[in-house]
Amino acid sequence: MAERDQRFAEVVVPAKPDRVFHYEIPAALRVGVKPGVRVRVSFGRRMLDAYVVGVVDRADVEQVKPIAAVLDPEPILLPAVFALCRWISEYYLAPWGKVLANALPTGLKVSAEKRISLTASGLAVDPATVRGAGRRLLEALRTHERGIGLSQLAAAAGSLAGLSTLMERGWVEETQRASDPRLRRRAYVELIGPPSPAPRVARAPRQTAVLEALAARGQGAFVAELGPEAAGPCRALASRGLVRISQREVERDPYGAVVVDSTGPTLTPHQRKAVDVLNEAVRTRRFAPYLLWGVTGSGKTEVYLQALAAALAEGRSCLLLVPEIALTGQIVQRVRGRFGRQVAVLHSGLSDAERFEAWTRVRRGEARIALGTRSALFAPLRDLGVIIVDEEQDGSYKQEDGVRYHARDSAMVLGRQTDAVVVLGSATPSLESYANAMSGRYGLLHLPERVESRALPAIRVVDLRAEREQDALLSEALREGITARLSRGEQVLLLLNRRGYAPVVLCHDCGASSRCPQCSVGLTFHRGRGRLCCHYCGFAVRPTDRCEGCGSHRVALHGVGTEQVEERLRREWPTARVARMDRDTTRTRFAHDTLLDGMRRRETDILVGTQMIAKGHDLPNVTLVGIINADVGLSLPDFRATERIFQLLAQAAGRAGRGDLVGEVILQTRRPSHEAFLFAQQHDVAGFYERELARRRELGYPPFGRLVIILIAGADESRVMAAAQRLAEAVKDDLPSGVSLLGPAPAPLWRLKGRHRWQLILKGPRNAAVREATRALLARTKDLGLPSGVTLDANVDPHHVL
């Protein structure tokens, strides 16, 4: 073991095995090495960034390498974020280093290249006395007194072999620490003397003009603000000692200026009750979880704003999560309109630089409200007082690849760790949150009525089996409803949760359909691109008029996607202004906001789209919502399928009649007696949930049981199948009491991106037992090993079982 007088850092490396490694802390670095900082370490023959997770007096191995450099002057991860990452790693069985890397903005994760330079001791060494690779490194470094980047050094010396040895000897060092490479800085000029009277410069009118402009402002200005030719006069004035030029950060504001109005509307009695409860909870400074269950249009956002204000009044910070980028624009305007520059927005639709700058503002305390999608959970907020999860039922909160965490459940843990109030808001809560509220684990705040006593829309169910074939896309009732709304200058939303033009290309002779060669799914025809596309891996190919299987030319499109609906609308109502909102039309920056703003400004008459049009949008002039095919997704092999369909229908229906005009919903289906549609028609959320909970209880599915999916994948199907079967045989007789093993079996999506997929499902009534079984299975996997090219991944609390 190592000597007791030494100090060692426990570090994790993002791209390496899920274990802690020990590195010696050189005496010169001891002050800077603490949990939460990044360090540079030698790992094998490579130099890698790592995260310090602890400092100890003893190492668990004899040979311990030293830390090469400390990259941060202070911990980059605040204690609350650090603790949350540790919990996520343990609960979701994710590598700790990978979780920590996931918690940081891209601007920090992709640091500028480190520079290597000779130390004073290194300068005294004659390269001729050093053998091999070390000699070539020393010779290369002697020609770069100010240091050289790693890639340049590798090119000059042939490789970086021997670099760690030179560092251990103290001959070289990393001279560059992590900076803020994404922050934009510009030249800023300010007067050195008093602004009045403004000084003048003889025979230099442009310099005098700059002085007068600065004096009129009463403060400094960015040089660029003073005109395109101001740089030269500013430098001349600086040489005269009349102004000072420095570099200052320029804030990027992708959402533009906003007028701040701190006053809110008059609250309804139910809103007032909810606000009073939350305000009192904020004042107690203790963890308190609540479900804010309010019908669509009941004013949940105003309750959020009041809770944020209460936390700010207590000097605490706030986190507001939304599930999708499509929902951020509207809520950003409302939150910024109330709190101005105290709000920082974090989501993947922004550039890396914009996200890094927003993260930096939060870390500095310049913004005390972080608003964003799933990853905003890791915002460096100090003294967190309120966490709000809007549309908490949304599946987007569960990350389904990489670190498979659920932001809603993790937010609840973060609230417990920081003594914050946590508010889960929804018109259609998840069954888990509903059950927690009914059992008393969460406080229940109910908003049963719309603001201003507006009526919920009537829902009319149309049985497509009774319609003529040519009316299967738009029933007679829906066409009449659209025509009536257009004649009155009202707007229409049409929902079809299937993008593209046609989801099936079918041969009428042999029955074969176009399939993705990489995934076990069919190809969807996109007319706008003129391609058959896979929505999973991105494969695309031009369609042909000949069947690849039998050679027949009787190949035709079947089924309907949003593109085809848009085409039909334009043909049937040629004067109507029609727009489409799906993943294909929202790939560009702020495309969601542009489409929705067109609806709010009444520049669009009909908006057709996928599920992204159904949630959270406040469009007061929409009086008709049409569900083109409510059956999409109803028969998926997923125990949550019915719940998701009900929630989507209820959310979509909630877009109608939110203004002064009465709304209507027309729901088209071939299964009109399905319970999801019957309960949705009555706006009976509680009735549907009680029925669904009874079914879940009987089958042992969440919230009455826990699931973990073990996914085994690889390019060779026989190896994948063999590995899954071998693993199942090894663990099936040693499962904890109450835990069952389902499988092995091919995953419902049995091939994805060229990799075959088999799965095992661990299922049981108690979380602890299922986790124990999962850890035992993973340990057994390490003992047995996996065939070459085969990987194993654990998905704890899966939201989708596909």
_Testing ALA472 on (1) farther than 30 Å from GLN271 by Cβ; (2) in contact with a strand residue (DSSP E or B) (Cβ under 8 Å, 6 or more places away or on another chain); (3) of a type outside the set (S, T, N, Q), one condition comes back false. Which one is that?_
(2)
*asked:* Looking at segment 200-220 only, could you name the residues that are closer than 17 Å to ILE245 by Cα and not in a helix (DSSP H, G or I)?
replied: GLY218, GLN219, GLY220
*Of all the residues that make up segment 570-603, how many are open to solvent by less than 20 Å² (accessible area, probe 1.4 Å) and touching a helix residue (DSSP H, G or I) at 6+ places or on another chain (Cβ under 8 Å)?*
7
_Residue pairs meeting the criteria (Cβ under 6 Å; at least 6 apart or on separate chains; first at pLDDT 80 or above, in segment 137-166; second of a type in the set (Ser, Thr, Tyr))_ = SER164/SER42
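Matching residues to (1) within 25 Å of ILE645 (Cβ to Cβ); (2) at pLDDT 95 or above; (3) among the aliphatic types (A, V, I, L, M); (4) part of a loop (DSSP other than H, G, I, E, B):
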{"residue": "GLU400", "(1), (2), (3), (4)": "yes, no, no, yes"}
{"residue": "VAL403", "(1), (2), (3), (4)": "no, no, yes, yes"}
{"residue": "ALA411", "(1), (2), (3), (4)": "no, yes, yes, no"}
{"residue": "GLY415", "(1), (2), (3), (4)": "no, yes, no, no"}
{"residue": "VAL423", "(1), (2), (3), (4)": "no, yes, yes, no"}
{"residue": "ASN436", "(1), (2), (3), (4)": "yes, yes, no, no"}
*Write out, first by first residue and then by second, each pair whose Cβ atoms fall under 6 Å of each other, whose residues are 6+ apart or on separate chains, and whose first residue, in segment 344-355, is among the basic types (Lys, Arg) while the second is in a loop (DSSP other than H, G, I, E, B).*
ARG355/PRO105
*If you take the residues in segment 392-404 that are touching a Pro at 6+ places or on another chain (Cβ under 6 Å) and polar (S, T, N, Q), which one is nearest to PHE378 (Cα to Cα)?*
SER396
*Inspect segment 602-617 for any residue being on the phi > 0 side of the Ramachandran plot and of a type outside the set (Gly, Ala, Ser) and give the result as yes or no.*
yes
*Exactly one of (1) open to solvent by 60 Å² or more (accessible area, probe 1.4 Å); (2) part of a loop (DSSP other than H, G, I, E, B); (3) at pLDDT 90 or above is unmet by SER737. Its number?*
(3)
*Under the condition of being closer than 16 Å to ALA458 by Cα and acidic (Asp, Glu), which residue from segment 615-671 is surrounded by the most Cβ atoms within 10 Å (Cβ to Cβ)?*
GLU664
*How about segment 782-802: which of its residues are under 17 Å from LEU742 (Cα atoms) and either open to solvent by 60 Å² or more (accessible area, probe 1.4 Å) or outside any loop (DSSP other than H, G, I, E, B) (or both)?*
LEU792, ASP793, ALA794, ASN795, VAL796, HIS800, LEU802
*Kindly establish whether LEU308 is assigned to a helix (DSSP H, G or I), modelled with pLDDT of 90 or more and surrounded by 24 or more Cβ atoms within 10 Å (Cβ to Cβ).*
yes
*Report whether or not PRO228 is at negative phi, open to solvent by 20 Å² or more (accessible area, probe 1.4 Å), modelled with pLDDT of 80 or more and outside any helix (DSSP H, G or I).*
yes
*So, in segment 672-711, of the ones that are assigned to a helix (DSSP H, G or I) and acidic (Asp, Glu), which residue ends up farthest from TYR91 (Cα to Cα)?*
GLU675
*Going by the conditions given, is ARG589 outside any helix (DSSP H, G or I) and farther than 21 Å from VAL662 by Cα?*
yes
*How about segment 136-164: which of its residues are of a type in the set (S, T, N, Q) and within 14 Å of GLY122 (Cα to Cα)?*
THR143, SER164
*Between a first residue in segment 405-432 that is more than 17 Å from ALA379 (Cα to Cα) and β-branched (Val, Ile, Thr) and a second residue that is assigned to a helix (DSSP H, G or I) and open to solvent by 10 Å² or more (accessible area, probe 1.4 Å), which pairs have beta carbons less than 8 Å apart while being 6 or more apart in sequence or on different chains?*
THR428/GLN647; THR428/ALA650; THR428/VAL685
*Return the pairs, sorted by first residue and then second, in which the second residue is modelled with pLDDT under 90 and part of a helix (DSSP H, G or I), the first residue lies in segment 640-665 and is on the phi < 0 side of the Ramachandran plot, the beta carbons are less than 7 Å apart, and the residues are 6+ apart or on different chains.*
LEU648/GLN611; VAL665/ALA653
*Can you tell me which residues in segment 500-547 are of a type in the set (Ser, Thr, Tyr), farther than 21 Å from VAL560 by Cβ and open to solvent by 40 Å² or more (accessible area, probe 1.4 Å)?*
THR544
*Looking only at segment 83-103, decide whether some residue is of a type in the set (Asp, Glu) and surrounded by 18 or more Cβ atoms within 10 Å (Cβ to Cβ).*
no
_I'd like to check something: does segment 725-733 contain any residue that is loosely packed, with under 15 Cβ neighbours inside 10 Å and under 21 Å from PRO798 (Cβ atoms)?_
yes
*Could you list, in sequence order, all residues of segment 26-52 that are open to solvent by less than 40 Å² (accessible area, probe 1.4 Å) and among the small types (Gly, Ala, Ser)?*
GLY32, GLY36, SER42, ALA50
*asked:* Test of understanding: among GLU717, GLU772, which residue is open to solvent by 40 Å² or more (accessible area, probe 1.4 Å) and closer than 22 Å to CYS516 by Cβ?
replied: GLU717
*Restricting the search to segment 28-72, which residues are touching a residue at least 24 places away in the same chain (Cβ under 8 Å), among the aliphatic types (A, V, I, L, M) and not in a loop (DSSP other than H, G, I, E, B)?*
LEU29, VAL39, VAL41, MET47, LEU48, ALA50, VAL52, VAL53, VAL55, VAL56, ALA69, VAL70
_Flag if GLY122 is part of a helix (DSSP H, G or I), open to solvent by less than 10 Å² (accessible area, probe 1.4 Å) and modelled with pLDDT under 85_ = yes
*Within the group GLY559, GLY481, which residue is buried (at least 20 other Cβ atoms within 10 Å of the Cβ) and either aliphatic (A, V, I, L, M) or in contact (Cβ under 8 Å) with a residue 60 or more places away in the chain (or both)?*
GLY481
*Could you tell me which of the residues LEU777, LEU749 is touching a residue at least 60 places away in the same chain (Cβ under 8 Å), open to solvent by less than 40 Å² (accessible area, probe 1.4 Å) and more than 28 Å from the chain's Cα centre (by Cα)?*
LEU777
_When residues of segment 604-614 are limited to those that are among the aliphatic types (A, V, I, L, M) and not in a loop (DSSP other than H, G, I, E, B), the one most open to solvent (accessible area, probe 1.4 Å)_ = MET612
_Complete set of residues in segment 647-698 that are in contact with a strand residue (DSSP E or B) (Cβ under 7 Å, 6 or more places away or on another chain) and of a type in the set (Asp, Glu)_ = GLU664
*Kindly provide the set of residues from segment 503-548 that are assigned to a strand (DSSP E or B) and hydroxyl-bearing (Ser, Thr, Tyr), ordered by number.*
SER513, THR524
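The values are calculated or read from the model by the stated rules, or taken from the named source; none is laboratory data. Being a predicted model, the structure only gives us computed values, none of them experimental. Here Cβ is always computed from backbone atoms with ideal geometry, including for glycine, and neighbour counts include all displayed protein chains. These area figures cover heavy atoms from the full protein model, side chains too; ligands, DNA and RNA do not enter into them. Shrake-Rupley method; radii C 1.70, N 1.55, O 1.52, S 1.80 Å.
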